[in-house]
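These notes are about the structure you will find just below.
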């Protein structure tokens with residue numbers, strides 16, 4: 001019969017194995033320490049850059065050998081003039097009389113890489129198609145992809161379009177990804193790292209990544225989604241399902257990122273600390289690893305359509321990547337991590353709220369209208385200093401109301417949420433009118449905003 005001490009010694013390792021997750025049990029499929037120069041790049045990746053953007057190979061730094069992704073500042077003389085006809089090329093934005101070119105530095109999985117690392121090999125017909133594209137006449141022998149200005153209308157490079165955007169999705173549930181990353185310049189564009197199914201059609205996108213955005217929308221107002229986010233997107237018949245979770249502001253230090261991906265469990269960590277556990281909104285199809293930095297945001301244009309808004313840079317933007325690892329993540333390892341998270345109280349009791357692209361688009365449209373109205377209140381305040389006190393109070397009250405509404409707008413997830421916010425705005429506007437004898441009038445009025453919203457309930461892309 002075992003003594004109490006013997007039982008503790010005997011069972012403690014077993015208990016510890018249930019409450020901790022050891023990466024040692026995983027099977028390493030691929031490791032890239034980026035210790036190579038431009039002429040000896042790993043065939044695991046496509047190396048994509050647009051315009052003046054580029055990669056810096058073989059850097060030696062805090063995390064050993066590193067790969068740099070650089071978005072430089074163009075010379076003022078290089079900007080093409082544009083007018084009311086918006087005579088810029090595709091993927092460029094006309095701002096203050098000049099076309100701002102799109103710049104992007106990126107890597108993602110190459111379909112030409114052997115399938116030995118895949119847990120779910122591609123069908124033979126698909127692999128044959130990929131290999132035929134890899135050997136096409138335009139030659140991707142060095143795996144460097146440089147797109148023409150408009151990737152959606154690349155009629156003369158159809159082979160590259162197919163290969164570049166649709167056939168580089170080697171990853172599937174049952175994998176664990178880990179990497180180190182560092183960023184500089186947090187303004188005027190987007191950046192991120194994680195999983196994407198590489199589809200440029202909004203209704204077919206799948207994402208599961210860390211994404212940081214900052215800049216101006218098409219009207220020149222601060223972008224509603226500026227910040228650092230964890231984003232998961234799944235395609236759906238009623239519009240893409242979008243999970244957005246705010247993360248602490250991204251800084252310029254190195255951080256270690258991980259994504260544990262199973263069919264019924266997805267775990268995201270930063271610096272070995274769990275930042276999100278997802279049980280329901282999980283991509284099930286093939287994906288690719290992406291790391292990118294650019295000078296663009298997706299926002300609404302003057303017609304209400306989602307468009308690419310390039311940002312003028314004042315300082316270069318960079319990402320730096322090091323020590324990328326891809327592991328096979330078995331069902332037993334998934335269960336072990338699930339138990340650990342459960343015992344730590346990190347398994348969510350309810351699903352994380354999601355939104356959709358139509359709701360997101362409407363939020364951005366309402367945000368732009370609110371910011372226009374808010375800017376007008378500031379102009380009013382500067383112009384009525386010598387007016388009666390109640391006029392000052394009226395303008396300040398308007399500004400306070402619009403600022404609070406904008407904060408609430410960031411939390412809205414459904415059309416019902418947006419309805420509630422706008423109804424509240426309408427009630428508060430009526431109260432202000434009663435108290436001070438005035439209301440927000442004209443095209444930017446709260447009532448006008450509410451009426452416009454009700455007339456245009458959905459935006460479909």
For region 53-102 and region 177-199, distance of Cα centres in Å: 17 Å
Theoretical FRET efficiency, 1/(1+(r/R0)^6), r = Cβ-Cβ of residue 62 and residue 27, R0 25 Å, to 0.05: 0.30
Full-stretch length increase - residue 400, residue 39 - with 0.36 nm per residue and alpha-carbon distance subtracted: 124.2 nm
Residue exposure sequence - 87, 77, 172, 110 - by fewest surrounding Cβ within 10 Å: 77, 87, 172, 110
R0 of 51 Å, Cβ-Cβ distance residue 419-residue 78: FRET efficiency to nearest 0.05: 0.65
Relative exposure of 229, 47, judged by other C-beta atoms within 10 Å (fewest first): 229, 47
Sorted by Cβ neighbour density within 10 Å, fewest at the top, the residues 298, 34: 298, 34
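Read-outs throughout are calculated quantities, based only on the coordinates presented, and are distinct from any laboratory measurement. Worth saying up front: this structure is predicted, and the values here are computed from it rather than measured. Quick reminder, even Gly has a Cβ in these numbers, built from the backbone with ideal geometry, and neighbours come from all protein chains shown.
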